[in-house]
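What follows is a short report on a single structure.
The values are calculated or read from the model by the stated rules, or taken from the named source; none is laboratory data. Note that the structure is a prediction, hence the values are computed from the model and not measured. Glycine also receives a Cβ, built like all others from the backbone with ideal geometry; neighbour counts cover every protein chain displayed.
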């Protein structure tokens, strides 16, 4: 009796909600899907209507919303621990094994059967974003400073290498640390004016900084080539051995007595970015267990308390900016040497947004989460290439779903850096997100 | 007794509002000095001046430590902490997402940071840091023990009950090895039993018996709970409307007419004089 009484309103609520959603869908889809201009046989445009498609979409929305609402009502009625809570324990425990498995897969990828040029290129792309994600994770995840202009440091790194190689003929291996240092320098330069800013204001200034760098690169034509970019950037060498397609003296293939193949370079680049990404991870993980990393996290939790404990907020913030920027610079130098061509087009705001999305979806401060998020976002984007324009929808949908299911990212919990007994993960609800 | 902190004609103005005007007193070394007063008397403002969160409009603050005076009113906030002044907050400010132990290690940031070669040596894994960290963990453990929190060392600070959070904040301040501990309403929100325990802890901190190897530490506290204040203070300073109205031992303060008037109200004819 009582059950029936509680069920019926739930059904009604769900129906009304679904109807409303269907109406909104109608409002959206009627102009967007229902009307379409096509080119007629005479070359003139004519309006084609697709009312059945609109109706179908509305039905889908109605059914989907209805089921979701019904499920929500049913869940609150049961008051049982949610699905995510039940699997959270095993998931965090499995984290211990997931990371080595991922690492092993990453190391063995080039020799796995069925892995060709395309898969390796995709691997390089994913690893570049993993590295950028890890770099930004220092600033956003650990220090809690929202940075929307991270791509600026990526650009500084890329242009540093390209220009140094072009004007001074320096090799990649000399330019790599220089690119990192220059990016770190720009990180500090950005850090100074934003020391007092928090949250939204910090985000806006960093966003502006990213745009300034891009616009300077675009307009300083005499130095950077402007919108034409820089082409013919020198490729990296393997201890002085080049990767020329034709083989020849002094090439990698000739030295090791191999058949010259363009795959060699791709495999080399793959391992190069893997090593760079792992370096980022290693430094971050080490620093997290050290006073500096703890000060970053403490600053994210409570800046005022930090000050009362004698921690210099200025230097702590600047080191976070500088270190994050340095790894962005490394990734930029790698990007330049891989593409052999760079232009300001590659360093637009959308790149910053994607890197930030990787960090947020992965879970602020979590190294594993960021790596998985990069794999899902960048790899997934490639996998769904067949869906053409629909993949944007899939992409957006996946992001919304993750944020509903896990609002604090894939791995939202925090592992303590030190413990007297056993280290137990700290639930995401305790950990501050940082407001600047 | 020699003073640890002397406050001389301290004035703090916010625009047209004078929160603290011309307050002078001295906190004695090895003693518990309490600052009391009705709400809005300027206690917390004065505290924020001493601990560097506000820069006083005029007046001077001198910390006497190691045979020479340090002018606190000229130092930046984090430098005051390094000079040996630790503080807690009226509304507890712990690093909620970090464990109790981590909170205490953050407090030892400065010594640990120096031992890492400012981060560079530690990343490379040089050995000096390991020993320094072990020492820091040992010190944190003794303070956790002193505050009865050793069982919760690996729990996030945000998950501790309120009374435990208050004690942890004191432990965190003490891990800095300060010479002067400033407590802003440490007994607020505690039940009578916890208040008594807190009084004992503060006395032990003053005498240097709270934890192994802890030197005696002078205490300056703001408190509303008269039971705690009268029970543990060696010296009391009373503020009202931003000015000092009395200064003396608990017994003298209890008998002071001006203090009684400030707390209980005055006769009608005096109202005009105050306004």
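Answer yes or no as to whether residue B:94 is more than 14 Å from the chain's Cα centre (by Cα) and closer than 29 Å to residue A:423 by Cα. I'd like the intermediate steps shown before the answer.
Numbers: more than 14 Å from the chain's Cα centre (by Cα): yes; closer than 29 Å to residue A:423 by Cα: yes.
For residue B:94, the condition - more than 14 Å from the chain's Cα centre (by Cα) and closer than 29 Å to residue A:423 by Cα - is met.
How many residues does region A:171-188 hold that are in contact with a helix residue (DSSP H, G or I) (Cβ under 6 Å, 6 or more places away or on another chain) and under 18 Å from residue A:339 (Cβ atoms)?
Number of matching residues: 5.
How about region A:44-145: which helices (runs of 4 or more DSSP H) wholly inside it have at least 2 residues that are touching a helix residue (DSSP H, G or I) at 6+ places or on another chain (Cβ under 6 Å) and modelled with pLDDT of 90 or more?
Those helices (runs of 4 or more DSSP H) span A:51-78, A:117-136.
Can you tell me which condition residue A:425 does not meet? The list is (1) within 14 Å of another protein chain (Cβ to nearest Cβ); (2) at positive phi; (3) modelled with pLDDT of 80 or more, and all the others hold.
Result: residue A:425 fails condition (2) only.
Let me confirm something: among A:368, A:410, A:377, A:364, which residue is under 17 Å from the mean Cα position of the chain (by Cα), within 14 Å of chain B (Cβ to nearest Cβ) and farther than 23 Å from residue B:153 by Cβ? It would help to see each step written out before you state the result.
Numbers: A:368 fails: within 14 Å of chain B (Cβ to nearest Cβ); A:410 fails: within 14 Å of chain B (Cβ to nearest Cβ); A:377 fails: within 14 Å of chain B (Cβ to nearest Cβ).
Of A:368, A:410, A:377, A:364, the one residue that is under 17 Å from the mean Cα position of the chain (by Cα), within 14 Å of chain B (Cβ to nearest Cβ) and farther than 23 Å from residue B:153 by Cβ is A:364.
Within the bounds of region B:186-205, is there any residue that is within 12 Å of chain A (Cβ to nearest Cβ) and modelled with pLDDT of 85 or more?
no
Among the candidates B:259, B:228, single out the residue that is part of a helix (DSSP H, G or I), crowded, with 21+ Cβ neighbours inside 10 Å, at pLDDT below 90 and not assigned by TED's automatic domain parsing to the domain that holds residue B:148.
Matching residue, one of B:259, B:228: B:228.
Being at pLDDT 90 or above, closer than 20 Å to residue A:187 by Cβ and away from chain B (no Cβ under 14 Å) narrows it down to one residue among A:322, A:331; which is it?
A:331
If the requirement is being touching a helix residue (DSSP H, G or I) at 6+ places or on another chain (Cβ under 9 Å) and part of a loop (DSSP other than H, G, I, E, B), which of these qualifies: A:377, A:356, A:364? Step through it out loud before you land on a result.
Working: A:377 fails: part of a loop (DSSP other than H, G, I, E, B); A:356 fails: part of a loop (DSSP other than H, G, I, E, B).
When all the criteria are applied, what remains is A:364.
Residues in region B:203-222 that are surrounded by 21 or more Cβ atoms within 10 Å (Cβ to Cβ) and touching a strand residue (DSSP E or B) at 6+ places or on another chain (Cβ under 6 Å): how many?
Here the count works out to 6.
Show me the helices (runs of 4 or more DSSP H) found entirely inside region A:199-296 where at least 1 residues are touching a residue at least 12 places away in the same chain (Cβ under 8 Å), within 18 Å of residue A:335 (Cα to Cα) and assigned by TED's automatic domain parsing to the domain that holds residue A:177.
Output list reads A:199-219, A:221-224, A:263-288.
Residues being within 11 Å of another protein chain (Cβ to nearest Cβ) and either crowded, with 23+ Cβ neighbours inside 10 Å or under 18 Å from residue B:207 (Cα atoms) (or both): count how many of those fall in region B:154-176.
Residues in region B:154-176 being within 11 Å of another protein chain (Cβ to nearest Cβ) and either crowded, with 23+ Cβ neighbours inside 10 Å or under 18 Å from residue B:207 (Cα atoms) (or both): 7 in total.
Hey, can you tell me all the residues within region A:294-306 that are surrounded by fewer than 22 Cβ atoms within 10 Å (Cβ to Cβ) and in contact with a helix residue (DSSP H, G or I) (Cβ under 7 Å, 6 or more places away or on another chain)?
Passing the criteria: only A:303.
Under 7 Å by Cβ, and 6 or more places apart or on different chains, what pairs join a residue from region B:73-92 that is more than 9 Å from chain A (Cβ to nearest Cβ) with one that is at pLDDT below 85 and in a strand (DSSP E or B)?
As it stands, the answer is B:84/B:65, since those pairs meet every condition given.
Considering only residues that are at the interface with another protein chain (Cβ under 10 Å from one of its Cβ atoms) and in a helix (DSSP H, G or I), which ones fall in region A:303-319?
A:303, A:304, A:305, A:306, A:307, A:308, A:313, A:314, A:315, A:316, A:319
Which condition number does residue A:386 fail, the rest of (1) away from chain B (no Cβ under 14 Å); (2) under 24 Å from residue A:147 (Cα atoms) being met?
Checking residue A:386 against (1) away from chain B (no Cβ under 14 Å); (2) under 24 Å from residue A:147 (Cα atoms), the one that fails is (2).
Quick one: which of A:403, A:430 is surrounded by fewer than 20 Cβ atoms within 10 Å (Cβ to Cβ), in contact (Cβ under 8 Å) with a residue 40 or more places away in the chain and farther than 30 Å from residue A:215 by Cβ?
A:403 is the lone residue from the list that is surrounded by fewer than 20 Cβ atoms within 10 Å (Cβ to Cβ), in contact (Cβ under 8 Å) with a residue 40 or more places away in the chain and farther than 30 Å from residue A:215 by Cβ.
Taking the criterion of being within 14 Å of chain B (Cβ to nearest Cβ) and under 26 Å from residue A:152 (Cβ atoms), would at least one residue in region A:269-277 satisfy it?
No: region A:269-277 contains no residue that is within 14 Å of chain B (Cβ to nearest Cβ) and under 26 Å from residue A:152 (Cβ atoms).
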